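One structure, as structure tokens, below. Some questions next.
The values are calculated or read from the model by the stated rules, or taken from the named source; none is laboratory data. Quick caveat, the model's predicted, so the values are computed rather than measured. Heads up, the Cβs are rebuilt from the backbone with ideal geometry, glycines too, and the neighbour counts pull from every protein chain shown. Heads up: the accessible areas ignore ligands, DNA and RNA and are worked out on the full protein's heavy atoms, side chains in. Shrake-Rupley method; radii C 1.70, N 1.55, O 1.52, S 1.80 Å.
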Amino acid sequence: MAVTGAVKQRLEQVLPGIRAGAEAVDRDGAFPEDQVRALADSGLLGLISSPESGGMGAGPVEFVEAMLGVAGACGSTSMVYLMHLSATAVTSAAPPSAGAAELQADLASGAKLGTLAFSEKGSRSHFWAPVSKAVRRDGESVTIGADKSWVTSATKADVYVASALAPAGEGPTDSNLYVVDREAAGVNVLGSFDGVGLRGNDSAPVRLDVEVSDGARLGNESGGFGLMMQVVLPWFCLGNSAVTLGLSRSALEAAIEHASGSRLEHLDSSLADLPTIRAYLAKGWADLTAHEALLRETAAKVAAPDDTTVLAVLTAKAACNEAALRITDTAMRVAGGAGFSKQLSIERFARDARAGFVMAPTSDALFDFAGRALCGMDLF
Ligand SMILES: Cc1cc2nc3c(=O)[nH]c(=O)nc-3n(C[C@H](O)[C@H](O)[C@H](O)COP(=O)(O)OP(=O)(O)OC[C@H]3O[C@@H](n4cnc5c(N)ncnc54)[C@H](O)[C@@H]3O)c2cc1C
């Protein structure tokens, strides 16, 4: 079976259950344990892992389809899934010299859940510039002391991919990425998540005071920045864009259904009989489908990169995240009081979709980077 067919079939199996649990995940701010287990059992946690590791070997195009589907069912689950796949992408591209085969097999099967621990209190959304430093302890290990400000799945992930300036680092982009076991001594999750949306994503600040061996480093010494830019950035930007558009589609479809079925009995008509309402829906649909097309085109570019790919990735995330704000706002507006209340889940989709533009690189930073690229200026 082609990878795309296998992805579709597995999604069809798991999405109804993921969708059914989404309201409780949001209401209780609960980590989506059952949903993540269903993704693992279906093999979808190994979506982009290599077949040699037991994964499905899917590329960016199938990845985007899977992220759109999961996000449309449950935003919190999709963020946990995105972080796991981002960790998978970078550990596959630049395996640690110790334990790589076991790590990759565990991430593919879901025996281990992965995440990224990049953002720091000291450099905020500039995730590419850790202020923490790996300090050489002896010939073969370093200690990392870091205030990581947001780590999705903080208490549930088994493996963090954490950034720190390289021991002999000479600037903010001279960094390393390390595989850190969440159960290692010196990993302390500080607090719990209580945000406006993605309420089950278990994102929390984490204090790291850990010793890690050089064997846990991904790729070459001082290779962290390159991995963040060349591997994490494209996968994360595609996935984050898909999260916001998947949520947008669910919101807009709920609004269309509501408008079609809501009666104005005194006029013997429905909300959909109002031209203003139809125009909102049509504009929202145009916005949604244009950005879905942009995202799919960008995924194809990431699968077969050329010299336009970086600019495409930067602008796609910003454009899709901003579109999601407009589309979910439109859905709220069309559904009126029903949108404002919880009955249609539109307000949940709208709250969850707001995370996209806040997540690094933020839309504002991306517009600045893209503008620099367009003007032939250095990005950093
Ligand atoms: C739900 C959620 C889950 C997350 N999960 C993870 C995770 O698993 N791992 C991880 O490493 N991080 C994670 N993050 C962190 C995220 O990627 C950002 O780092 C974080 O949201 C930034 O918040 P901040 O308040 O520090 O932003 P700030 O940097 O303080 O930004 C404040 C404002 O300044 C603007 N700004 C900042 N820099 C620029 C610039 N160069 N140009 C123009 N404007 C700029 C921003 O756009 C924003 O409007 C998560 C965040 C959220 C919300």
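Report the residue count in the stretch 135-159 for those that are more than 9 Å from the ligand (Cβ to nearest atom), under 16 Å from LEU208 (Cα atoms) and free of Cβ contacts under 8 Å to residues at least 60 places away in the same chain.
Total satisfying the criteria: 3.
If MET56 passes every condition in (1) under 18 Å from the mean Cα position of the chain (by Cα); (2) open to solvent by 20 Å² or more (accessible area, probe 1.4 Å); (3) closer than 30 Å to VAL212 by Cβ but one, which one does it miss?
Of the numbered conditions (1) under 18 Å from the mean Cα position of the chain (by Cα); (2) open to solvent by 20 Å² or more (accessible area, probe 1.4 Å); (3) closer than 30 Å to VAL212 by Cβ, the odd one out for MET56 is (1).
Going by what's in this entry, would GLU62 be described as open to solvent by 10 Å² or more (accessible area, probe 1.4 Å), in contact (Cβ under 8 Å) with a residue 12 or more places away in the chain and more than 27 Å from VAL187 (Cβ to Cβ)? Write out each step before concluding.
Details: open to solvent by 10 Å² or more (accessible area, probe 1.4 Å): yes; in contact (Cβ under 8 Å) with a residue 12 or more places away in the chain: yes; more than 27 Å from VAL187 (Cβ to Cβ): yes.
Yes, satisfied.
Moving to a separate point now. Is it true that TYR280 is within 16 Å of the ligand (Cβ to nearest atom) and either assigned by TED's automatic domain parsing to the domain that holds ARG137 or at pLDDT 95 or above (or both)? So that I can check it myself, show each step before the final result.
On the way: within 16 Å of the ligand (Cβ to nearest atom): no; either assigned by TED's automatic domain parsing to the domain that holds ARG137 or at pLDDT 95 or above (or both): yes.
No.
So which residues in the stretch 105-125 are within 16 Å of the ligand (Cβ to nearest atom) and either at pLDDT below 95 or not in a strand (DSSP E or B) (or both), if there are any at all? Before you say what the answer is, go through the steps one by one.
Looking only at the stretch 105-125, we keep the residues that are within 16 Å of the ligand (Cβ to nearest atom), and these are 107, 112-125.
Within the stretch 105-125, LEU107, LYS112, LEU113, PHE118, SER119, LYS121, GLY122, SER123, SER125 meet the criteria.
Going through LEU15, LEU45, LEU11, LEU39 one at a time, which residue ends up being part of a helix (DSSP H, G or I) and over 26 Å from ALA93 (Cβ atoms)?
Working: LEU45 fails: over 26 Å from ALA93 (Cβ atoms); LEU11 fails: over 26 Å from ALA93 (Cβ atoms); LEU39 fails: over 26 Å from ALA93 (Cβ atoms).
It is LEU15.
For the condition within 16 Å of the ligand (Cβ to nearest atom), within 20 Å of ALA73 (Cβ to Cβ) and either among the polar types (S, T, N, Q) or part of a helix (DSSP H, G or I) (or both), what is the one hit in ASP352, ASP368? Break it down into steps so the answer makes sense when it comes.
Numbers: ASP368 fails: within 20 Å of ALA73 (Cβ to Cβ).
From the options ASP352, ASP368, the qualifying one is ASP352.
Within the stretch 52-63, can one find any residue that is touching a strand residue (DSSP E or B) at 6+ places or on another chain (Cβ under 6 Å) and either farther than 22 Å from GLY246 by Cα or among the hydroxyl-bearing types (Ser, Thr, Tyr) (or both)? Explain how you work it out, then say what you get.
Filtering the stretch 52-63 for residues touching a strand residue (DSSP E or B) at 6+ places or on another chain (Cβ under 6 Å) gives none.
Looking for residues that are touching a strand residue (DSSP E or B) at 6+ places or on another chain (Cβ under 6 Å) and either farther than 22 Å from GLY246 by Cα or among the hydroxyl-bearing types (Ser, Thr, Tyr) (or both), one finds none in the stretch 52-63, hence no.
Of the conditions (1) assigned to a strand (DSSP E or B); (2) within 14 Å of the ligand (Cβ to nearest atom); (3) buried (at least 23 other Cβ atoms within 10 Å of the Cβ), VAL179 satisfies every one except a single condition; which number is it?
(2)
Still on this model: Six or more apart or on different chains, Cβ atoms under 8 Å: show the pairs whose first residue is in the stretch 273-297 and among the charged types (D, E, K, R) and whose second is open to solvent by 90 Å² or more (accessible area, probe 1.4 Å).
Close Cβ pairs (under 8 Å, with a partner that is open to solvent by 90 Å² or more (accessible area, probe 1.4 Å)) amount to ASP273/LEU267; ASP287/ARG326.
Quick one: which of PRO95, PRO130 is farther than 30 Å from ALA24 by Cα, of a type outside the set (Asp, Glu) and either away from the ligand (no atom under 16 Å from the Cβ) or outside the structural domain of ALA168 (by TED's automatic domain parsing) (or both)? Talk me through it step by step, then tell me what you get.
Numbers: PRO130 fails: either away from the ligand (no atom under 16 Å from the Cβ) or outside the structural domain of ALA168 (by TED's automatic domain parsing) (or both).
Checking each option against the conditions leaves just PRO95.
Which of the residues spanning the stretch 13-32 are open to solvent by less than 20 Å² (accessible area, probe 1.4 Å) and farther than 10 Å from CYS74 by Cα?
VAL14
Here's another thing I want to ask about it. Select, from ALA216, ALA166, ALA162, the only residue that is open to solvent by less than 50 Å² (accessible area, probe 1.4 Å) and under 30 Å from ASP352 (Cβ atoms).
None of the others qualify; the one that does is ALA162.
Collect the residues in the stretch 193-213 that are within 16 Å of the ligand (Cβ to nearest atom), more than 16 Å from THR115 (Cα to Cα) and open to solvent by 40 Å² or more (accessible area, probe 1.4 Å), keeping them in residue-number order.
Selection gives ASP194, VAL196, ARG199.
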